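The block underneath contains the structure these notes are about, expressed in structure tokens.
The values are calculated or read from the model by the stated rules, or taken from the named source; none is laboratory data. Just so it is clear, the model here is predicted, and its values are computed rather than measured. Cβ sites come from the backbone with ideal geometry, for glycine too, and all protein chains shown count toward neighbours. Accessible surface is based on the protein model in full, side chains and every heavy atom, while ligands, DNA and RNA are left aside. Shrake-Rupley method; radii C 1.70, N 1.55, O 1.52, S 1.80 Å.
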There are 2 protein chains.
Amino acid sequence: MLDPFFKPKGVAVIGASRDPHKLGHGVVRNLKEYRYQGPIYPVNKRASEILGEQCFASISDVPDPVDLAVIIVPSKAVPDTLKECGNRGIRYSIVVSGGFSETGEEGRKLEEELKSVADEMNINVIGPNCIGTIDTHTPVNTTFVTGMPEPGEIGFSSQSGAMVAAVIDWARGAGVGFSRIVSLGNQAGINETQMIEALCDDSQTEVITAYIEGVSDGTAFLDSAERASLKKPFVALKGGRGESGAKAVASHTGALAGSAEAYEAAFKRSGVLQAGTMEEMFDWARALAWQPLPEGNKVAVLTNAGGPAILAVDALEKAGLEMAELSKETKEYLRSRLPKAASVSNPVDVLAGSGPGTYAVALDALLTDEHVDALVVIQAPQDWFLPASLAEVVGEVAGVHDKPVIASIMGKASVDEALSILHKRKIPNVAFPERVASILAAMLQRKEWLSTARNEPDLFGVADRKAIKSYATRENWPELLEAYGISLPPQEEVSTKDEALKSAAKIGYPVVLKLISDTVTHKTEIGGVKMGIEDEDGLIRAWNELEDAASKANTGMKGALVQKMLSGGSEVIIGIRQDEQFGPLVLFGTGGTDVELLHDVATGIAPLNSMQAEQLVDKTVAGAKLKGWRNQPEGDRETVLEYLMRMAQLADELPNISELEINPLYVLPKGKGAYAIDIRGTYREE
Amino acid sequence: MLDPFFKPKGVAVIGASRDPHKLGHGVVRNLKEYRYQGPIYPVNKRASEILGEQCFASISDVPDPVDLAVIIVPSKAVPDTLKECGNRGIRYSIVVSGGFSETGEEGRKLEEELKSVADEMNINVIGPNCIGTIDTHTPVNTTFVTGMPEPGEIGFSSQSGAMVAAVIDWARGAGVGFSRIVSLGNQAGINETQMIEALCDDSQTEVITAYIEGVSDGTAFLDSAERASLKKPFVALKGGRGESGAKAVASHTGALAGSAEAYEAAFKRSGVLQAGTMEEMFDWARALAWQPLPEGNKVAVLTNAGGPAILAVDALEKAGLEMAELSKETKEYLRSRLPKAASVSNPVDVLAGSGPGTYAVALDALLTDEHVDALVVIQAPQDWFLPASLAEVVGEVAGVHDKPVIASIMGKASVDEALSILHKRKIPNVAFPERVASILAAMLQRKEWLSTARNEPDLFGVADRKAIKSYATRENWPELLEAYGISLPPQEEVSTKDEALKSAAKIGYPVVLKLISDTVTHKTEIGGVKMGIEDEDGLIRAWNELEDAASKANTGMKGALVQKMLSGGSEVIIGIRQDEQFGPLVLFGTGGTDVELLHDVATGIAPLNSMQAEQLVDKTVAGAKLKGWRNQPEGDRETVLEYLMRMAQLADELPNISELEINPLYVLPKGKGAYAIDIRGTYREE
């Protein structure tokens, strides 16, 4: 649908200029210089030709074929110009001009005007305040930025124009090829999600990369991103992670699943690989475009020197990869072929005296070994053979195997030729061997996501579906949870001491007594929870203490909750929260009062299936403990997983519950169940 | 003392060769090509001259002056050659030849022979199996590696020859200057610690960098490293961190304070900045050599584009730095000078239309603002002014202020000239803005270390000093701890049920009963601990249960410990361990059975002063909790700090205790003390 932005039949440049210092000149120059093959129509009232192209006084004078207009006129003239384009029958426009919502209130109004013209005339707009588009295969370059990357497999969509300029410059220096590059500007028309779809549908783009500061619609993004990830690798760099952290709200569920966590959960769910830096993003993209995914996490390292290999091994281990245990055959073979002092265990060190021939033998043996899932080849600088010859060998041998190979031909001054050979052979190279680790970890992450991606959540029957809406609006959390199949311990709300005594007799000692008041959220902090009450005397004492605590905290005591006291289990937290962007989030972690201090919480996107629930739980220390730890017996992990899925379903079905948190969920030993002890939540009418 | 390795009066090359492919040729070539000004004496029986230098048949024929011999002869000839050098009066030798301990048993013997000749003849040896030395200021280059870095301020000592070769090649490409570079090889003579001393004493070296796989003597290293760090910045890259992790021993104190942790603690103690990668090491070194240290952690970011600044801010926050809050005056001034739509809050965005002039104004204002401790300048690629002109402006303005400035003139293809200007002006530049974060964090770490470095530990009087040795050898930990002023709860060891009843009556209920047996280390796991015993009936029940537990676990019950039961506090762990390299380590963290799961443990080097103890405690969640958390009252942090120092003193004074661990140390609320509940340890005769 967005093809004319990348494969236009003819391009009009409205605001084209003869002045080589103006942007309107640069666009015409780039179209010509980077060999756009279709007609170029500069629109400029006062010029007859620009760079040899005939000028037109107005867009209405431009002849066929023309389906794309690049607009670089003063911001106030943009809406009218866009209207003229619409009247001329042009349905695709890149608005380069700035002076819109990025400049304040006046600009915001102008952008609204731009939007309504675009809607009215049915024009797809990229921008305003953007740099434009590049397609290296067409080729077409509608930007004014000097330089054009080589044709390649990486598509890049950016919410920052500066990042596009930086990437173009960097790509030229690093010799990394791109398929499409697009700067989205203020996104008055086309947004990041639509562009991801376009990159997903582009056959020249083998890997999608994106610089994302925010998404326009979380749900749409999740859908598109997942569809894209299933088709090709998608690597994102999220800007504003720290900033979002600072905006963490006071409520602690909020603090734990703030916006940065929501993005992380969304990326993880939809198979998007989240890079930490620009360098990582393109390191990963290149490897994903060029090399097959590893079948597992066992890596072999081949080197001609110890030190650099040790650094690579350190980094690989830190990134969660493991050193492959080589087969007996491989080791014997290597022992018979390599120098006597060489190390034939992984990392395999052929020593400084070995050249491309020895590397070839070892490469082939390691790639043949079935215990090896991926190979890292390191060459420390030496003077006696050309690095280019090793590059040829690595490219050739890697080409006949179906395992990923990453090279680290080290150095800077002496390896240019080797790098261009490796690039031709599609072997990624990094100057410092430590960088291989995050690359392979990202490839493995994708491999795992692809093998476990399954979209359908597990859904449960809900008792009393008619009543649930009313439970929610009245914030009657106990009834709501029970309707969703989540158990509460035997308990009763009471208003007087006498009722409490009767209730405790019914439930059976030991019991817990909890203050009910309208104003207190963290009851334990004011002494509003009395545990381990063994008998009537204890209950009376506890009641009186609650009354004291309430009056000390200046809150009214509406009554108390009498609850069966459980023991021999562990405390976890299960929470849900509506995220502005991605809708319902689910969180799981260590419960009790330590929740904030330990930061042992994992966040996911609702709804969940059992695999997703397991992944969430297994990411936390609380989850590890459920499998049994020291003297603690195995917890009822099955029930926890089920409750997580049930809570996720609840979050998905009742989006007006802005947050709901069970803390603690008391988990008894395996087979004995789990009980929601404390529940806090907020219902918000739309 | 090691001066002749870097400023020789004359150099003999024994094993010099006419064959340009031989190492013995490369050394002569490098001496000549990189302009060594003293006499060069190739020693070769069969040649009359090499590269225009007269050859000598034997080292004894070489005339004065000569104080350094570079030896590249077959390994078996090395001892005799070295002896000839000694007879000729040469006291400094670089043995390049390989074929020693790196090749196995035979080589190891040869290396021993080399060592004894060196000792006998009083020769300082670098190597064998090394690459040699470079001093760019003398200049002298005794290596055979092509290329010579520019003169600069960074000294580099490496336990890997390949890393030296890689650094030489990388330095040439990156334009980073070095003062001295040395490859230490097998360290038969000069070791890493002696070389650090030499770099510390070298006036041309302003920053020490080192690639370290291990240290020869931990205590000597600590001393030298601390002395060096006080004089100049010292950045180390440790190889083999992951590997060490894999060697973690079964005992859990060992697992928590394994060798990698010991190195980390040693580096921290002695002010050594531990880099994570090669790139980081030299990023840091350059900034430390060129820029002043920041006074605090408040950073201002100046940019011409939003995206790259956001990525820098994310990275800065993640590294623990904070965004400076600009003063009202600064903001007003910027508002009056910058374009209308510019952001005058930090990060300050001058927008894409601003050039070096606007940058200059903003730079000066930000560096003048007293709330700003450090400045990051970002320039996203643009086409309308030369990056070199911005480089001049940054260099000039930064030069009149005394705050660190790090630049990120982005891009690769178009910024070479700008980079050489920045280098000339001593402003570090990184291609990706995220990299500024770790640089500034390292500078700040040094600043903090320098301001808190204080060598003297706090020492305590020890009661009963005569008896302590006998407590230790008998592994009588309770008596030993009490002698060192660490309290135990009221408790008594008993052998029979009757004794237990009497003892409990004396101590007062509630009590805890703990199994005593010779074979069980983790008592709780077999049910060997009974808590909360309220009365005689309970005690009898508990005793019988312990007997059952002991027989189920197939261990004999020697008796039990009756202990006062404490409540209302929290559990921490304090441990000491003798490290092979660095001697006594102290560890502190979350106690109880969660210790391994949470990994909430910090490790330091004993002995400690109060500042060091505080730093250790404050690094952990357990430490944060001691300051009061939610409903938990403030713990007796003072006592914990004191006990840590006392334990550290104990570790220092009794090195035969290979490990000793208090877990839990039960910490009561502020002012109420702390008690060693469970103690495990091992005494090892030498």
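Worth pointing out:
- Take A:Lys466, push a point 7 Å out from Cα through the beta-carbon direction, and compare it with the same point in every other copy: 9.0 nm, smallest first.
- Quarter of Cα convex hull surface for the range A:570-683, i.e. mean projection, nm²: 6.6 nm²
- Dipole magnitude for chain B: about 1000 debye, using +1 per Lys or Arg Cβ and -1 per Asp or Glu Cβ, origin at the Cα centre.
- Computed log₁₀ I(q)/I(0) - Debye formula, equal Cα scatterers, no solvent, the range A:292-452, q 0.09, 0.11, 0.12, 0.21 Å⁻¹: -0.25, -0.37, -0.45, -1.48
- Take B:Thr519, push a point 7 Å out from Cα through the beta-carbon direction, and compare it with the same point in every other copy: 6.3 nm, smallest first.
- Bridgeable aspartates and glutamates around B:Lys670 (alpha carbons under 15 Å apart, same-chain partners fewer than 8 residues away excluded): B:Glu571, B:Glu634, B:Asp636, B:Glu638, B:Glu642.
- Förster radius 25 Å - calculated FRET efficiency between B:Lys627 and B:Leu230, Cβ distance, rounded to 0.05: 0.20
- Look at the Cα gyration tensor of the protein assembly as shown: its axes a ≥ b ≥ c give a/c of at least 1.5 with a/b at or below b/c, and that counts as oblate.
- Considering only the Cα atoms of the range A:6-114, their convex hull presents on average a projected area of 6.8 nm².
- Cβ-derived FRET efficiency at R0 60 Å, B:Lys469 paired with A:Glu638, nearest 0.05: 0.60
- Where labels lie 7 Å past Cα in the beta-carbon direction, separation of B:Ser487 and A:Lys502 in nm: 4.9 nm
- Accessible area buried between chains A and B, both sides summed, probe 1.4 Å, in Å² to nearest 100: 5400 Å²
- Cubic angstrom per residue, convex hull over Cα atoms of the range B:352-427: 78 Å³
- Between the beta carbons of A:Asp223 and A:Lys558, assuming R0 = 56 Å, the FRET efficiency works out to 0.80 to the nearest 0.05.
- Once the 1.4 Å probe is applied to the protein heavy atoms, the protein assembly as shown comes out at 39 Å² accessible per residue.
- Long-range Cα-Cα pairs in chain B (distance over 47 Å), rounded percent: 36 percent
- Against chain B, whose longest principal axis is taken from its Cα atoms, helix B:387-399 shows a tilt of about 60°.
- Cα-projected label distance for B:Ser203 with B:Ser658, points at 7 Å along beta-carbon direction, nm: 5.0 nm
- Using C-alpha pairs under 8 Å with a sequence gap of at least 6, the mean separation divided by the residue count of the range B:131-227 gives a relative contact order of 31 percent.
- Entries of A:Lys7/A:Lys83; B:Lys268/B:Lys447; A:Lys318/A:Lys627; B:Lys268/B:Lys619; B:Lys318/B:Lys627 with Cα pairs more than 19 Å apart: A:Lys7/A:Lys83; A:Lys318/A:Lys627; B:Lys318/B:Lys627
- Relative to the other identical copies, A:Glu33 shows label-point distances of 3.8 nm, where the label point lies 7 Å from Cα along the Cβ direction and values run shortest first.
- Over the Cα atoms of the range A:490-564, the radius of gyration divided by the Kirkwood radius equals 0.93; this is the Rg/Rh ratio.
- Those residues of the range B:624-669 for which accessible area with every protein chain present is at least 40 Å² below the isolated value (1.4 Å probe): B:Lys625, B:Trp629, B:Arg630, B:Asn631
- Axis between A and B by rotation; chain A residue with nearest Cβ and distance in whole Å recorded as A:Leu598, 4.
- Between helix B:23-33 and chain B: long-axis angle, C-alpha atoms, 0 to 90°, nearest 10: 60 degrees
- Computed over the range B:409-532, the quotient of the alpha carbon radius of gyration and 2.2 N^0.38 Å is 2.21.
- Average beta-carbon neighbours from other chains, 10 Å sphere, peptide A:152-165: 4
- Two-site label geometry, A:Lys22 and B:Met1: point separation in nm, points 7 Å out along Cα→Cβ: 7.4 nm
- Percentage of interatomic Cα-Cα distances in the range B:550-604 larger than 13 Å: 73 percent
- Proximal charge balance of B:Pro294 [Cβ under 15 Å; K/R count +1, D/E count -1]: -3
- On the range A:490-564, 46 percent of the accessible area sits on carbon and sulfur atoms, based on a 1.4 Å probe.
- Just the protein heavy atoms count here, and of the accessible area of the range B:291-452 at 1.4 Å, carbon and sulfur take up 52 percent.
- Calculated diffusion of the range A:3-205, Stokes-Einstein form, Kirkwood radius summed over Cα pairs, 25 °C and 0.890 mPa s, µm²/s: 148 µm²/s
- Calculated [222 nm] ellipticity per residue, helices only, for chain A: -12000 deg cm²/dmol; basis is -39500 (n - 2.57) per DSSP H run with n ≥ 4, divided by all residues, nearest 500.
- Degrees separating the helix B:637-653 axis from the principal Cα axis of chain B, which is the longest one: 70 degrees
- Residue ranges B:209-222, A:28-41 sort as B:209-222, A:28-41 when ordered by packing (mean number of other C-beta atoms within 10 Å per residue, highest first).
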